[in-house]
Amino acid sequence: MRKGYIQVYTGDGKGKTTAALGLALRAAGAGLRVLVAQFIKKRKCSEHKALERFSDLITVRQYGRGFIMKRQPTKADRELSLKGLQEIAEALSSKMYDVVILDEANVAVHYDLFSADDLLAVITARPKNMEVIITGRYASEKIIAVADLVTEMKSVKHYKEQGIKARLGIEY
């Protein structure tokens, strides 16, 4: 039986979700079952269409009402995130998945949609052979301390600074 680790992809650079979804694809290629739980996000993007092709191995669930970086979170945002965290706890205890990706969970903690302690309670209660990946800016020190691997994506240069908008198939 293999050991599952806790991975964190954080920082202000592009590529955190992309890296996690790349891992989901790799895991599915090895026959592992993957749950991708996305907090905050609600829009279906190109990656969702691609992941549907692997629906026998990859499940995607969204627990969000859209990005909150330019607005204050509402009670509905918090309720949806807490509901998601509860469903994830149930999914982890069901042992249906080998890999669980908690996309933008760091941002959810940062905006107080749930606490770092709430998130830690869920991920530390998982089966010991389950891999967990947590993405998003603003990873809390508590999450980093528990993680086995932490990668920080650092923005050095980005074409959005030149006014380039998000492009289909590249950013969404």
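For segment 93-111, a residue qualifies if it is over 19 Å from Arg33 (Cα atoms) and out of contact with any Pro (no Cβ under 7 Å at 6 or more places or on another chain), and the qualifying residues are Glu104, Ala105, Asn106, Val107, Ala108, Val109, His110. One residue stands out among those in segment 21-53 that are touching an Asp or Glu at 6+ places or on another chain (Cβ under 9 Å) and among the basic types (Lys, Arg): the one that is surrounded by the fewest Cβ atoms within 10 Å (Cβ to Cβ), which is Arg33.
Anything in segment 96-125 that is of a type in the set (Ser, Thr, Tyr), farther than 17 Å from Tyr138 by Cβ and either outside any helix (DSSP H, G or I) or touching a Phe, Trp or Tyr at 6+ places or on another chain (Cβ under 9 Å) (or both)? List them, or say none. Write out each step before concluding.
Going residue by residue through segment 96-125, those that are of a type in the set (Ser, Thr, Tyr) are 97, 111, 115, 124.
Filter once more, so that each one left must be farther than 17 Å from Tyr138 by Cβ: 97, 124.
Matches in segment 96-125: Tyr97 only.
Is there a residue in segment 103-115 that is within 20 Å of Gly31 (Cα to Cα) and within 14 Å of the chain's Cα centre (by Cα)? Checking segment 103-115: not a single residue is within 20 Å of Gly31 (Cα to Cα) and within 14 Å of the chain's Cα centre (by Cα). Residue check: Gly11 meets all listed conditions (1) at negative phi; (2) among the small types (Gly, Ala, Ser); (3) under 16 Å from the mean Cα position of the chain (by Cα); (4) modelled with pLDDT of 95 or more but one, namely (1).
Among residues of segment 62-87 that are surrounded by 13 or more Cβ atoms within 10 Å (Cβ to Cβ), those with a beta-carbon under 6 Å from a residue that is among the polar types (S, T, N, Q) at least six positions away or on a different chain give the pairs Gln62/Gln38; Tyr63/Ser81.
Residues that are of a type in the set (Lys, Arg) number at least 3 in the following helices (runs of 4 or more DSSP H) confined to segment 1-95: 75-94. Only one entry in Ala24, Ala89, Ala50 is in contact with a helix residue (DSSP H, G or I) (Cβ under 9 Å, 6 or more places away or on another chain) and within 18 Å of Tyr9 (Cβ to Cβ), namely Ala24. Could you grab me the full set of residues in segment 46-79 that are among the hydrophobic types (A, V, I, L, M, F, W, C) and within 15 Å of the chain's Cα centre (by Cα)? Answer for segment 46-79, where residues must be among the hydrophobic types (A, V, I, L, M, F, W, C) and within 15 Å of the chain's Cα centre (by Cα): Leu51, Ile58, Val60, Phe67.
Taking the criterion of being within 22 Å of Cys45 (Cβ to Cβ), touching a residue at least 12 places away in the same chain (Cβ under 8 Å) and in a loop (DSSP other than H, G, I, E, B), the residues of segment 126-170 that qualify are Gly136, Arg137, Tyr138, Met153, Ser155, His158, Leu168, Gly169.
The values are calculated or read from the model by the stated rules, or taken from the named source; none is laboratory data. All values derive from a computational prediction rather than experimental measurement. As a convention, Cβ positions derive from the backbone with ideal geometry for all residues, glycine included, and neighbour counts pool all protein chains shown.
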